[in-house]
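Take a look at the structure set out below.
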Amino acid sequence: MHLSFPEPIAAALPIIERLRENYFEAVFVGGAVRDSVLGLSIKDVDIATSARPEQVLGLFERCIPTGLQHGTITVVHEGETYEVTTFRLESAYEAHRKPESVEYITELDGDLLRRDFTMNAMALGLDGVLYDPYGGVQDLKKRRLRSVGDANARFQEDALRMLRAVRFIGIYQLRPAHHTWRAVLQHCHLMRFIALERVQVELDKMLAGAVPQRALRFVAASGLLFHLKDSLGPDIEFAMKEAEQSAFNKNLFERLHELTDLDLRWAFIAIVLNQSTETASHALQVLRFPTGRSRRIAAIVQVHFDMLSNVELFQGREFQRQWVKLVLVSGQAAASEWLQVARAAHAESSSFSKELLNDLERWLNEMTILSLKQLSVSGRDLIKHLQREAGPWVSECLKRLLFLAAIGELENEKQALLQEAAIQQ
Ligand code: ATP
Ligand code: MG
């Protein structure tokens with residue numbers, strides 16, 4: 001197969017040329033080659049070479065010795081960075097994840113053999129000819145994900161490959177080869193050797209794709225998340241098993257892709273699996289989510305549960321009042337993000353009709369004031385005007401004024417607010 005070079009690969013040709021002028025072998029490898037074959041846009045361009053790391057360092061002006069121990073040098077060329085890695089074998093894997101040692105070799109074949117899946121084990125040379133010793137193109141044509149060599153052995157060496165398998169199946173809409181999938185099911189218990197940070201990165205990547213629900217189905221079917229270093233929690237595990245066992249599962253996440261923001265997708269999953277804010281937060285913490293992200297997701301889940309009880313208890317104007325209160329407590333961001341998630345949630349089974357969500361959105365947009373900072377009086381103004389000593393009454397009073405201004409029952413104007421405060425005393 002002959003490929004014309006897409007732009008990001010063409011831009012890296014001078015690096016390959018330089019290595020070849022110096023009598024080293026050098027080719028493009030990995031995701032860039034796979035994505036060119038598929039005609040998809042390319043993220044990062046990786047190069048494999050017979051040159052040793054110190055030789056690579058000697059050939060290029062701007063280098064960063066990123067992973068010197070395992071043979072990777074980052075070469076900077078015209079503002080772009082490229083990982084240039086020496087052909088290598090990985091021997092004796094330690095704890096089902098890291099190779100104990102790497103051995104540099106001079107042959108491309110050996111280097112491709114260590115790669116995880118056939119579609120990731122192709123190389124593209126300077127002449128545009130694709131080198132594909134394990135039938136990656138054929139597999140891609142059949143939309144099949146297949147391990148290089150014996151899947152059992154490959155997953156035993158490095159258990160992270162199982163999660164990568166699910167990600168590729170989801171993102172590229174592939175089906176796993178029979179043997180590869182059987183090996184995932186057989187070795188899912190090895191997931192406990194994988195750092196949770198790595199699990200999180202993989203899950204994020206699989207959820208970020210165009211059809212995140214496909215990856216989710218395969219994650220659930222694989223059972224990989226039931227064997228993590230730390231448990232995501234019994235409630236979530238139960239909900240995942242239940243979702244997986246019912247045919248309903250497919251529909252549950254049907255509209256997940258409509259949400260473009262990754263954190264909203266996470267919130268959607270927690271809500272659809274009916275997880276409380278606490279269980280969702282626990283799972284996010286187990287997965288080592290950065291605090292900012294997990295707070296944001298938990299806040300959306302919390303709005304959901306508050307709204308579920310509101311919708312049962314209140315109607316009409318009182319419902320609007322409860323919503324405004326909730327927006328003031330949770331913040332406008334969480335409220336409007338929840339609206340987006342609620343819109344994408346499965347329509348028939350939802351407690352929130354489209355009309356209701358439209359009302360909530362309108363009421364949110366009508367709020368001209370959203371926080372104490374925007375209120376035209378301060379605590380100090382109140383103390384002075386009412387001639388009372390400072391105390392907890394100040395913040396209570398400010399909150400009441402904020403609420404009245406937010407719902408439009410009082411103008412956000414100093415005199416009007418002070419007058420109302422005086423009446424309330
Ligand atoms: P993407 O960049 O889209 O996440 P990728 O396939 O490029 O996908 P990278 O992590 O960038 O993934 O790795 C580049 C290449 O290195 C892969 O295509 C594959 O050949 C090889 N590789 C990466 N991780 C592993 C692994 N755990 N086991 C075996 N080979 C791997
Ligand atoms: Mg890559």
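What to note about this one:
- Candidate lysines for bridging to Lys98, where Cα separation is under 27 Å - those fewer than 8 sequence places away on the same chain excluded: Lys43, Lys205, Lys229
- Here is the list for segment 19-120: trypsin sites (Lys or Arg not before Pro) lying in DSSP coil, each with at most 14 other C-beta atoms within 10 angstrom of its C-beta, are Lys43, Arg62.
- The antiparallel fraction among DSSP beta bridges confined to the chain stands at about 80%.
- Estimated FRET transfer efficiency when R0 is 60 angstrom, pair Glu100-Gln425 (beta carbons, to 0.05): 0.20
- Under a model in which nothing but the beta-carbon of Lys, Arg (+1) and Asp, Glu (-1) is charged, the chain shows a dipole of about 720 debye around its Cα centre.
- For the chain, the calculated P(r), taken from all Cα-Cα distances in 10 Å bins from zero up to the bin holding the longest distance, is 4, 18, 22, 19, 15, 11, 8, 3, 0 percent.
- Selection among His96, Ser395, Phe352 by position relative to the dipole of the chain gives Phe352 as farthest towards the positive end (Cβ unit charges, Cα centre).
- Helix-only arithmetic for the chain: the sum of -39500 (n - 2.57) across DSSP H runs with n ≥ 4, divided by the residue total, places the mean residue ellipticity at 222 nm at -15500 deg cm²/dmol.
- Helix 262-272 vs. the chain, principal-axis angle (Cα, 0 to 90°, nearest 10): 70
- Taking 0.36 nm per residue of separation and subtracting the Cα-Cα distance, full extension of the segment from Ala221 to His70 would add 50.9 nm.
- For Tyr93, residues with placed amide H under 5 Å, excluding near neighbours: Glu100
- Distant-in-sequence amide H partners of Leu145 (H built 1.01 Å from N, under 5 Å): Arg175, Ala177
- Of Ile269, Ile64, Leu174, farthest towards positive along the dipole that unit charges on Lys, Arg, Asp, Glu beta carbons give the chain: Ile269
- Length gained on full extension, Glu254 to Ala208, computed as 0.36 nm times the residue gap minus the Cα-Cα distance: 15.1 nm.
- GNM remark for the chain: springs join alpha carbons under 10 Å apart, and the peak mean-square fluctuation among Glu337, Glu61, Glu94 falls on Glu61.
- Fraction of accessible area attributable to carbon and sulfur, the chain (%, probe 1.4 Å): 50
- A Cβ-based charge dipole, computed about the Cα centre of segment 178-296 with Lys and Arg at +1 and Asp and Glu at -1, lands at about 280 debye.
- The charge dipole of segment 143-229, taken about its Cα centre with unit charges on the Cβ atoms of Lys, Arg (+1), Asp and Glu (-1) only, comes to about 300 debye.
- GNM flexibility winner over the chain from Lys142, Lys205, Lys325 (Cα, springs under 10 Å): Lys142
- Among Gly170, Gly136, Gly67, residue whose mean-square fluctuation peaks in a GNM of the chain (springs only between Cα atoms under 10 Å): Gly67
- Cα gyration tensor category, rounded, prolate or oblate, for segment 143-229 with a/c compared to 1.5: oblate
- Inter-site label distance for Gln55 and Tyr23 at 7 Å from Cα along Cβ, in nm: 0.9
- Cross-link partners of Lys373 among lysines (Cα-Cα below 29 Å; sequence separation of 8 or more within a chain): Lys325, Lys384, Lys399, Lys414
- Under the combined filter of DSSP loop state and at most 15 neighbouring Cβ atoms within 10 Å, segment 260-356 retains these chymotrypsin sites (Phe, Trp or Tyr not before Pro): Phe314.
- Whole-Hz Karplus values for segment 362-379 come out as 4, 4, 5, 5, 6, 5, 8, 9, 10, 8, 4, 4, 8, 5, 7, 10, 10, x Hz, taken residue by residue from phi with 6.51 cos²θ - 1.76 cosθ + 1.60 and θ = phi - 60°; glycine and proline positions read x.
- Taking a ≥ b ≥ c as the square roots of the eigenvalues of the alpha carbon gyration tensor, segment 89-173 is oblate, as a/c is not under 1.5 and a/b does not beat b/c.
- Charge sum, other residues only, whose C-beta stays under 13 Å from Ser91's C-beta, Lys/Arg counted +1 and Asp/Glu -1: -3
- Modelled FRET efficiency - R0 25 Å, Arg62 with Ala195, Cβ distances, 0.05 increments: 0.20
- Hits among aspartates and glutamates - C-alpha to C-alpha of Lys142 under 20 Å, sequence gap 8 or more where chains match: Asp35, Asp116, Asp132, Asp150
The values are calculated or read from the model by the stated rules, or taken from the named source; none is laboratory data. This structure is a prediction, so every number in the text was calculated from the model and none was measured. Cβ atoms come from the backbone with ideal geometry, glycine included; neighbour counts cover every protein chain shown. Please note that ligands, DNA and RNA were not included when accessible areas were found on the heavy atoms of the full protein model with its side chains. Shrake-Rupley method; radii C 1.70, N 1.55, O 1.52, S 1.80 Å.
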